[in-house]
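Working notes for the structure below.
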Amino acid sequence: MDPQLLNPFNVDPGEEYMHEPQAVANWTEYCYFYGGDAQSDYGVSIHIGRDCSDPEIFRGSMAIFLPNGEMLTAMYRGRDGSKYGPGAGPLRIRCIEPFRLWLAEFDGLLHRVPRSQMMNDVFKDSPPEVASFRVLFEAASPVWDLDKAGIARSMVLATEDLSEAEKQSKRSHHWQQVGRSHGEITVGGKTIHLEGAAMRDHTYGPRDYAAIIGSAWFNGVFDDGMAFMAMATRVGANYIKGGFIFRNDGSPLEIIKLLQHAPIADADTAPGSFVADVLNDEGWKSFKLVFGTQRGEEVIEVETRHGIPTTYLSPAHEILGTDFSRSVGGSQMSECPARYRWRGKTGSGMIERIACIAHLRHG
């Protein structure tokens, strides 16, 4: 990709590497990584970041997605990061070339669990299995900087009376990128090759999950190289929407309007409005995304294929699975592989739903 197209917000390449921890309340740094196969339901999902109480310790929740609604999952903790990326025990992510190439690797023990069990309960220990993967992220879209696009900036406690210096200290630096995955997963002595969509993001700054009432995040890449990302988030009194489309035709990244998407909660959402298992929720199992672009409305049909849930607790604690006992102050984040159709073309990627535990019902 042309370097001028790759980095439209002029993000410093040094930002891609790990940052020095800051003496700011709830400061942390996170990376998300998804790599999946375009034809099968195999893939990997990794959410790994620094512990706020000791930022030298990384915590990584992860899943290897398997067919038929099964997954291999675990959460690892450890002081195994470096300048080039986060690490927790046998789980590592590394920046090979800023904005272009990242590598995710794992070689260790995981637990086989049905998706429906994780979506409706916390993770429970079980006899583990040996598994490994090595998945390369290769850029398929430019880097999208939420701060410079004005989205992350609007999330900084806008309803509070803060000085500019206080707002600067609370800013979250956040960029995202769609890519293609190349790699392999080994489970039970069998190696499966992956070729499909990839997604990553990288954030650092103060974090408090309690601010999010509801959120949706969508991204993917198509056979012809068209890539997109869009998000809708309810943070306090703010409703934040935005995203981009990259057509892979020599034109630059285009900021879009998100006109239609899967439902998210707001302050008036009734208890039990969402089904805990995303694939059992009619509003999320299949739906349409509608973008307002320079070329008119673009409609993308979405099919959700799998999912790994994590329970969020304020300020930045995580529990693997869905903890229904946390109906006060807890939320569920589900990372879900997805398939897309757009103008007769096929694509793949992942979607994310965040919903308060109080807004969920079993199922």
Subject >> Dipole axis of the chain (+1 Lys, Arg; -1 Asp, Glu on Cβ), positive-most option in His173, Ala131, Gly347 >> reply: Gly347
Original post:
Relative to the Cα centre, what is the charge dipole magnitude of the stretch 1-93, using +1 at the beta carbon of each Lys and Arg, -1 at the beta carbon of each Asp and Glu, and rounding to the nearest 20 debye?
Top reply: 280
Original post:
Hey, got the dipole for the chain? About the Cα centre, +1 on K and R Cβ, -1 on D and E Cβ, debye to the nearest 20?
Top reply: 380
Original post:
With each run of n ≥ 4 DSSP H residues scored as -39500 (n - 2.57), what mean residue ellipticity at 222 nm is computed for the chain after dividing by its residue count and rounding to the nearest 500 deg cm²/dmol?
Top reply: -1500 deg cm²/dmol
Original post:
Taking the mean number of other Cβ atoms within 10 Å as a proxy for protection, how do you rank 189-197, 345-353 from highest to lowest?
Top reply: 345-353, 189-197
Original post:
With point charges of +1 on the Cβ of Lys and Arg and -1 on the Cβ of Asp and Glu, referenced to the Cα centre of the stretch 240-363, which listed residue (Thr304, Gly363, Phe324) lies farthest in the positive direction of the dipole?
Top reply: Thr304
Original post:
Quick one: length gained pulling Ala211 to Ser286 fully straight, 0.36 nm per residue minus the C-alpha distance?
Top reply: 24.3 nm
Original post:
Of Tyr17, Tyr312, how do they rank once you tally other Cβ atoms within 10 Å and put the fewest first?
Top reply: Tyr17, Tyr312
Subject >> Dipole of the chain, positive end: most advanced residue of Gly85, Gly292, Ile185 [Cβ charges, Cα centre] >> reply: Gly292
Original post:
With contacts defined as alpha carbon pairs under 8 Å and 6 or more residues apart, what's the relative contact order of the chain in percent?
Top reply: 16
**OP:** Quickly rank 28-38, 71-81 as a protection proxy: mean count of other C-beta atoms within 10 Å, highest first.
**Re:** 28-38, 71-81
**OP:** Using a/c under 1.5 as the rounded threshold, could you call the chain rounded, prolate or oblate? The axes a ≥ b ≥ c are square roots of the C-alpha gyration tensor eigenvalues, and prolate needs a/b larger than b/c, oblate otherwise.
**Re:** rounded
Subject >> Separation of the Glu195 and Asp121 label points, Cα + 7 Å toward Cβ, nm >> reply: 4.0
Original post:
Which links in Lys190/Lys288; Lys124/Lys148; Lys241/Lys285; Lys83/Lys148; Lys257/Lys285 stretch past 30 Å when you go from one Cα to the other?
Top reply: Lys190/Lys288; Lys124/Lys148
Subject >> Extended-chain gain in nm, criterion 0.36 nm per residue less alpha-carbon gap, Val328 and Asn10 >> reply: 110.4 nm
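Coordinate-derived values only; no laboratory data. Quick caveat, the model's predicted, so the values are computed rather than measured. Ideal geometry is used to build each Cβ from the backbone, glycine not excepted, and the neighbour counts take in all protein chains shown.
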